[in-house]
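Quick notes on the structure that follows.
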Amino acid sequence: MEKRSDYVLWFEECDLSSIPLVGGKNASLGELLKAQIPVPPGFAVTTKAYNLFLEQGGIKKDIFKLLDGIKANDMDSGEAASKTIRSLIENTEVCDDLQDYIGEFYRRLSKRCNVPAVPAAVRSSATAEDLPGASFAGQQDTFLWIRGMDGILTHVKKCWSSLFTSRAIYYRAKMGFPHEAVEISVGVQKMANAWVAGVMFTLNPATGDRATVAIDANWGFGESVVSGECTPDNFLVNKITDEVIRKTVSHKTILYTREPVSHSVIKQTVPAERSDIQCVVDKDVIELAKIGKRIEKHYGKAMDIEWAIDKDTPGQAKIMILQSRPETVWSDKKIEPVMEARSSALEHICAGLLAGRRINP
């Protein structure tokens, strides 16, 4: 075995230069920590760990042999290969050395959080999530509220196997992207026990307006917002004045939360008394927008951010950022200037005066 840092890294040891080793999602969490953004603690199981698992398990050749026969125009061929590959990965033992590394880091994470067998979100982090001309984001799996070493190992393997869902296989074949060129890391992150959660864009996703922050929110974990299963509350915040300039409080029908006995994630109906009330107070909406602006400044581009307000902190709202990625819809559009460039403000005013203004009778 090589050194520990080849296989497991704390998020704070990662940054954007680590993408080949920890994938886009984990690298971004490290960047956020460097920018002093509140992020739940955790660690990355690296792409080297994934490759070691494939080699030591003796399944690498079998996987790529199965992928050889995939046709870009035949969904069924990907479906059959996906089933076989996922079963191969999930039923192969993780070697002892890797188990030791992951186990040691999970034990230390639990100690850091003062919670035995700390509940974790186990998230896939592929090395090709947002490439020019192709977006692989959202194609791999995330598992919430996973506890205990056996649970962590099982779900790390499930994340590895989600690199080979039929959708991901078909997409790579269609885009002409070599299967072996995409590798996967896994993030194991303290679960934010969200009272309310959602997504935030550091621009208006409806218009591309960079002067506003748009926030969607629902009760419980953010999965209901990310998956589009609910109509969330929506807020627009002016970036200059830090004021809420528009809010839409929706009728919220479902939420995801923790089942207290089994510690699993369950879908529930929103209690009637909460379904029509604003789920995030204005003060926290403004605080979220300020954090969004800091993240945008750090990256130098518009961002798409997942957040939660953790209910484990008594007496105060604790905003946590769960992940962030560059916004891709408006950022890829070329914005034309609304008027011809001038060398100075005075020249601009004079040009307006000389052109004259049309006066409506």
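The values are calculated or read from the model by the stated rules, or taken from the named source; none is laboratory data. In this text the structure is predicted, and so the values were computed from the model without any measurement. Note that each Cβ is placed from the backbone with ideal geometry, even for glycine, and that neighbours are counted across all protein chains shown.
Details
- Residue match in the range 173-185 (condition: outside the structural domain of K290 (by TED's automatic domain parsing) and modelled with pLDDT of 95 or more): yes
- Close pairs (7 angstrom Cβ cut-off, 6 or more residues apart or separate chains): farther than 20 Å from D282 by Cα in the range 208-224, crowded, with 19+ Cβ neighbours inside 10 Å anywhere: D209/L203; R210/L203; R210/A302; E223/Y256; S224/N218; S224/C230; S224/L255; S224/Y256
- Residue within the range 14-22 that is without any contact (Cβ under 8 Å) to a residue 40 or more places away in the chain, of a type in the set (D, E, K, R) and over 30 Å from K290 (Cα atoms) present: no
- Test for V199: is it outside any loop (DSSP other than H, G, I, E, B) and either in the same structural domain as Y50 (by TED's automatic domain parsing) or touching a Pro at 6+ places or on another chain (Cβ under 6 Å) (or both): no
Residues are listed down the side, and each one gets a yes or a no for (1) loosely packed, with under 15 Cβ neighbours inside 10 Å; (2) among the basic types (K, R); (3) without any contact (Cβ under 8 Å) to a residue 12 or more places away in the chain; (4) not in a helix (DSSP H, G or I):
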position	(1), (2), (3), (4)
I245	yes, no, no, yes
H251	yes, no, no, yes
T257	no, no, no, yes
S262	yes, no, yes, yes
I266	yes, no, yes, yes
V280	no, no, no, yes
I286	no, no, no, no
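- Index of the failed condition, E259 passing every other in (1) under 13 Å from T212 (Cβ atoms); (2) at pLDDT below 95: (1)
- Breaking point among (1) in a helix (DSSP H, G or I); (2) more than 22 Å from S166 (Cα to Cα); (3) under 15 Å from the mean Cα position of the chain (by Cα), for P40: (1)
- Elements of type helices (runs of 4 or more DSSP H) contained in the range 56-127, each with 3 or more residues being within 24 Å of S166 (Cβ to Cβ): 60-68, 75-90
- Options I63, I59, I70, I19: the member that is surrounded by 14 or more Cβ atoms within 10 Å (Cβ to Cβ), in contact with a Ser or Thr (Cβ under 7 Å, 6 or more places away or on another chain) and closer than 19 Å to K158 by Cβ: I59
- Members of the range 204-215 that are surrounded by fewer than 23 Cβ atoms within 10 Å (Cβ to Cβ) and closer than 20 Å to Q323 by Cβ: P205, A214
- E273, sole failed condition from (1) surrounded by 12 or more Cβ atoms within 10 Å (Cβ to Cβ); (2) in a helix (DSSP H, G or I): (1)
- The residues on offer are K48, K25, and the sole one that is in contact (Cβ under 8 Å) with a residue 40 or more places away in the chain, among the basic types (K, R) and touching a strand residue (DSSP E or B) at 6+ places or on another chain (Cβ under 8 Å) is K25.
Results for (1) small (G, A, S); (2) modelled with pLDDT of 95 or more; (3) in the same structural domain as Q140 (by TED's automatic domain parsing); (4) over 18 Å from the mean Cα position of the chain (by Cα), shown as yes or no for each residue.
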| position | (1), (2), (3), (4) |
| --- | --- |
| R210 | no, no, no, yes |
| A214 | yes, yes, no, no |
| E229 | no, no, no, no |
| N238 | no, yes, no, yes |
| I245 | no, yes, no, yes |
| V249 | no, yes, no, yes |
| K252 | no, yes, no, yes |
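- Inclusion of P205 among residues that are over 16 Å from A289 (Cβ atoms) and either in contact with a Gly (Cβ under 6 Å, 6 or more places away or on another chain) or not assigned by TED's automatic domain parsing to the domain that holds F64 (or both) is not warranted.
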